[in-house]
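Peer 1: Submitted below is the structure of interest, expressed as structure tokens.
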Amino acid sequence: MATGRTHSRWDRIFVGGYDLSGQARKVGPLSLEYDAANLTALADPVLGYLPNTAAVNVGAINSVFSNTATTGIHALLSTAGVKRVVTVARGIRAVPALGDPAFAGEFTQGEYSIADDGGGMVVNLPFQGWADDAASLLFASPWGAVLFANTARTAANSSTGYDRGVVSTAGGGFLVYHVTASSGAGHTATIKVQDSDTNVDANFDDLSGATTGVITVTAGVSGLVAISPTATVRQFIRGQLVFGTATSITPVLSWHSG
């Protein structure tokens, strides 16, 4: 994980288990805004507000038009009014890596429109905010950290994890995952998150509830798994795979602490 300033060229956009970075031109605004309840009393010299409900949205994805079967944006996202698992991984002066910022969640795609832009055909996909899903609605913040960054994996993770910078928190969190490719008869595996007090392989344990269970991990699989918003999460976290019949998996994982 690098730190410092970066450029949007290093953004990578994943929707529903597909990498759209080779088609998308821009995304956003990535927003987290709170309604403000006016609680100003008569004797107060200034207006006073109290944050109310958070509004979270990935904004809009603007893309070149592609009708390539199974992978083109038209083939994948031309149906509006549906829930989509979306991750915007923000690389820091390089492609996204462990610990880089990730804005992710389940959002409702409100529209699909095609227009001419200087002679080229482009697509605009505006989203309407957090989907009305119980898991999404448990948490206000969509920002988290990349755990796996779209690289093929053939064995369990024995690497160190991401340092969250705090000893532990009691706010739970949620896992967002995409599978962009896999191989192996049946393509089954378990995706999960582990945490630890120390950043040593042998000391990582499964984070209770932060698991998909055994699922089919073919390309185009995605989801969101939330744990209790009062669960304790320790300082270091990492993604983990338990291989079933799959022999290779290319996952995109991010963890979002509550």
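Peer 1: I'd like the carbon and sulfur percentage of the solvent accessible area for the range 196-258, probe radius 1.4 Å, heavy atoms only, ligands and nucleic acids excluded.
Peer 2: Ligands and nucleic acids excluded, carbon and sulfur reach 53 percent.
Peer 1: Of the candidates 150, 38, 199, which one comes out as most mobile in a Gaussian network treatment of the chain with C-alpha springs shorter than 10 Å?
Peer 2: Answer for the Gaussian network model of the chain: 38.
Peer 1: What percentages, rounded to whole numbers, describe P(r) for the range 22-163 computed over all alpha carbon pairs with 10 Å bin width beginning at zero?
Peer 2: 10, 29, 30, 19, 8, 3, 0
Peer 1: Quantify how much of the Cα-Cα distance distribution of the range 64-103 extends past 11 Å, in percent.
Peer 2: Here the tail beyond 11 Å accounts for 71 percent of pairs.
Peer 1: I'd like to check one number: the per residue accessible area of the range 83-180, probe 1.4 Å, reported in Å² as a whole number.
Peer 2: So the range 83-180 comes to 40 Å² accessible per residue, rounded to a whole number.
Peer 1: Given a 10 angstrom Cα cut-off, can you work out which residue in 92, 237, 215 is the most mobile in a GNM of the chain?
Peer 2: Among 92, 237, 215, the largest mean-square fluctuation in the Gaussian network model of the chain belongs to 215.
Peer 1: Over all Cα pairs of the chain, how is the pair count split among 5 Å bins, expressed in % and running from 0 up to the last occupied bin?
Peer 2: Values per bin, smallest distances first: 1, 6, 12, 16, 18, 16, 12, 8, 5, 3, 2, 1, 0, 0, 0.
Peer 1: Using 0.36 nm times the number of residues separating residue 169 and residue 42, minus their current alpha carbon distance, what extension gain do you get?
Peer 2: Computed gain between residue 169 and residue 42 is 41.8 nm.
Peer 1: Another question, then. In nm, to one decimal, how far is the residue 151 label point from the residue 200 one, both placed 7 Å along Cα→Cβ?
Peer 2: Using points 7 Å along Cα→Cβ, the separation is 2.4 nm.
Peer 1: Could I ask something else about it? Local charge sum around residue 202 (other residues, Cβ-Cβ under 15 Å, Lys/Arg +1, Asp/Glu -1)?
Peer 2: That sum, taken over residues with Cβ under 15 Å, equals -3.
Peer 1: Taking the Cα atoms of the range 132-258 alone, what are Rg (to one decimal) and Dmax (as a whole number) in Å?
Peer 2: 14.0, 41
Peer 1: Under a crude label model (7 Å from the Cα following the beta-carbon direction), how far is residue 247 from residue 117 in nanometres?
Peer 2: Going by the 7 Å Cα→Cβ label model, 4.1 nm.
Peer 1: With all protein chains present and a 1.4 Å probe, how do 26, 192 order by accessible area, largest first?
Peer 2: Highest to lowest solvent-accessible surface, that is 26, 192.
Peer 1: Round to a whole number: what % of the accessible area of the range 1-159 belongs to carbon and sulfur, probe 1.4 Å?
Peer 2: Heavy-atom surface of the range 1-159 belonging to carbon and sulfur, 1.4 Å probe: 53 percent.
Peer 1: In whole Å, what is the distance between the alpha-carbon centres of the range 194-241 and the range 127-193?
Peer 2: 7
The values are calculated or read from the model by the stated rules, or taken from the named source; none is laboratory data. What you see is a predicted model; the values in this text were computed from it and never measured. Positions of Cβ are generated from backbone atoms using ideal geometry, with glycine treated the same way; all protein chains shown enter the neighbour counts. Keep in mind that these areas ignore ligands, DNA and RNA; they rest on the heavy atoms of the full protein, side chains included. Shrake-Rupley method; radii C 1.70, N 1.55, O 1.52, S 1.80 Å.
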